[in-house]
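Below: one structure, written as C-alpha cells.
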Amino acid sequence: MNIMAEFIKIGEEIVPKPKLDGISYDLVNGKVYDLLYDRFEDKSYLKENGELNMPKKLYKLEDDDKFINRILTYFNSENSGKTTGVLLSGTKGTGKTMLSKRIALESNLPIIVVSTKHPMNCLNKFFKSFTVPVVIIFDEIEKNEPFWNTRDLLGFLDGVESTAKKLVLMTCNDTCNIDKNLFDRCSRIRYYKEYKADSNSVFIRSMAEDKGVKNIDEVVTFITEKMKIKSFDNISSFLDEIVLFEDITLEEIAEVMNISLTKE
C-alpha cells in the first residue's frame with residue numbers, strides 16, 4: 001500500500017508540493033530515499049535509492065526483537081508525539097546501523113536517509129510539508145561538523161512545526177561527542193540502546209559453523225578471550241581467514257590483520 005502525499009518527480013528528484021510541472025508521486029512503504037540538498041538552488045529533495053542493504057543471514061538477539069517491538073508499538077499508538085527519537089550508540093561495527101535498518105524496515109513506512117552534507121537548518125522547512133509518517137535515518141550523527149553539530153538536532157527533534165509523525169533513528173560511536181541536551185529528554189530521544197565491544201560474542205559459534213570452520217571450540221575461545229573489538233566485521237573477516245589458511249595458527253592469522261588483541 002502506498003503512502004499518499006503531494007509529491008512530484010522531475011527526473012530523479014522527488015520534492016514535496018512544488019509549484020513546478022512534474023509527475024505526481026507517492027512515497028512507497030519500505031522504499032529508501034536519500035535526502036539531498038542543492039546549494040545552488042537552495043532546495044532539499046529526495047532521490048530514490050532502492051532498498052536497504054541487508055545481509056543474506058541476519059544474526060539477531062531476542063532483546064533486539066523486543067526493543068524494535070517496543071519502539072514501533074509506541075510510535076503507532078495514539079499516545080505518541082509527532083517525533084519519536086531513537087539513539088543507538090557504541091563501538092563501530094557492532095550492529096547499530098543494522099538495528100536501525102531493521103527498525104526502519106519493520107515500520108513499513110517510507111525510509112529517508114539524510115545526507116551528511118544536508119544542512120540541519122533546512123530540515124524543519126522540508127518536513128513541514130509532509131502530511132504522512134516517515135522514518136528518518138541519521139547515521140553517525142557526531143561526524144557532520146562541517147555542516148552541522150549535534151546541538152542542531154535539538155530543534156528538529158522538538159518538532160514544534162511538525163505536521164506528520166516522524167520516527168527518527170540516529171547512530172553514534174561515542175556519546176561523549178554529542179550534545180548533552182539530547183539525553184534525559186524523552187520528547188527528543190525516547191529510546192536509547194548502547195552496544196559494547198563484546199556485544200556480538202554470542203554469535204561467534206553460529207558464525208563459525210555457518211562458514212565451515214573446523215576447529216570451532218579453539219576458534220571460539222581465541223576470539224572470545226583475545227579479540228578486543230568483537231564487531232561483526234572483525235569476527236566475520238577473521239573466520240574467513242581461518243577457512244582460507246588452515247595451515248596457519250590463529251595467532252599468525254591475527255598478526256597481520258587489522259584486529260587488536262588483548263595482551264597476555
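The values are calculated or read from the model by the stated rules, or taken from the named source; none is laboratory data. The structure presented is a predicted model; accordingly, all values stated were derived computationally and were not measured. Ideal geometry is used to build each Cβ from the backbone, glycine not excepted, and the neighbour counts take in all protein chains shown. Heads up: the accessible areas ignore ligands, DNA and RNA and are worked out on the full protein's heavy atoms, side chains in. Shrake-Rupley method; radii C 1.70, N 1.55, O 1.52, S 1.80 Å.
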Inset, instruction - Mind checking the stretch 208-256 for GluC sites (Glu not before Pro) that DSSP puts in a loop (not H, G, I, E or B) and that have at most 14 other Cβ atoms within 10 Å? - result: Glu246
Inset, instruction - Nearest 5 is fine: what % of DSSP beta bridges in the chain come out antiparallel, could you say? - result: 40
Inset, instruction - Run the accessible area of the chain with a 1.4 Å probe and give the carbon-and-sulfur part as a rounded percent. - result: 48
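Using DSSP loop states and a limit of at most 10 other Cβ atoms within 10 Å to flag trypsin sites (Lys or Arg not before Pro), what is the longest stretch of the chain containing no flagged site?
On the way: sites that count: Lys19, Arg39, Lys56, Lys57, Lys214, Lys263.
The longest uninterrupted stretch comes out as 58-213.
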Legend entry - Cα Rg over Rh - the stretch 169-264, Kirkwood: 1.12
Inset, instruction - Name the lysines eligible as straight-distance cross-link partners of Lys226: C-alpha to C-alpha under 16 Å, and not fewer than 8 places from it in the same chain. - result: Lys196, Lys263
Inset, instruction - Count the DSSP beta bridges whose two residues both fall in the stretch 1-154, then state the antiparallel fraction as a percent rounded to the nearest 5. - result: 70
Legend entry - Chain lengthening between Ile23 and Lys143 when straightened (0.36 nm per residue, less Cα-Cα): 39.6 nm
Legend entry - Farthest toward positive dipole pole in the stretch 1-131 [+1 Lys/Arg, -1 Asp/Glu at C-beta], among Val28, Asn69, Ser107: Asn69
Legend entry - the chain: angle of helix 232-244 to the longest principal axis, Cα-based, in degrees nearest 10: 40
Inset, instruction - Measure nothing but the geometry: give the 0 to 90° angle between the long axis through the Cα atoms of 96-107 and the longest principal axis through the Cα atoms of the chain, rounded to 10°. - result: 50
Legend entry - Low-density loop positions, chymotrypsin sites (Phe, Trp or Tyr not before Pro), the stretch 19-85 - DSSP coil, at most 10 other Cβ in 10 Å: Phe40
Legend entry - Ellipticity estimate at 222 nm from DSSP helix runs (n ≥ 4, -39,500 (n - 2.57)) divided over the chain, nearest 500: -8000 deg cm²/dmol
Legend entry - Helix 216-226 vs. the chain, principal-axis angle (Cα, 0 to 90°, nearest 10): 70
Inset, instruction - Jot down the per residue volume, in cubic angstrom and as a whole number, of the convex hull over the alpha-carbon atoms of the stretch 1-133. - result: 143
Legend entry - DSSP-loop chymotrypsin sites (Phe, Trp or Tyr not before Pro) across the stretch 101-195, with at most 15 other Cβ within 10 angstrom: Phe147, Phe183
Inset, instruction - Could you work out the Rg to Rh ratio of the chain, with Rh taken as the Kirkwood radius (inverse of the mean 1/r over all Cα pairs)? - result: 1.04
Legend entry - Cα-centre dipole for the chain with unit charges at Cβ (Lys and Arg positive, Asp and Glu negative), debye to 20: 1180
Inset, instruction - Work out the length of the dipole vector of the stretch 1-141 about its Cα centre, built from +1 on the beta-carbon of each Lys and Arg and -1 on the beta-carbon of each Asp and Glu, and round it to the nearest 20 debye. - result: 260
Legend entry - Long pairs among Lys117/Lys165; Lys56/Lys125; Lys31/Lys230, criterion Cα-Cα beyond 28 Å: Lys56/Lys125; Lys31/Lys230
Legend entry - Most mobile listed residue (Val113, Val134, Val220) in the chain, GNM with C-alpha springs under 10 Å: Val220
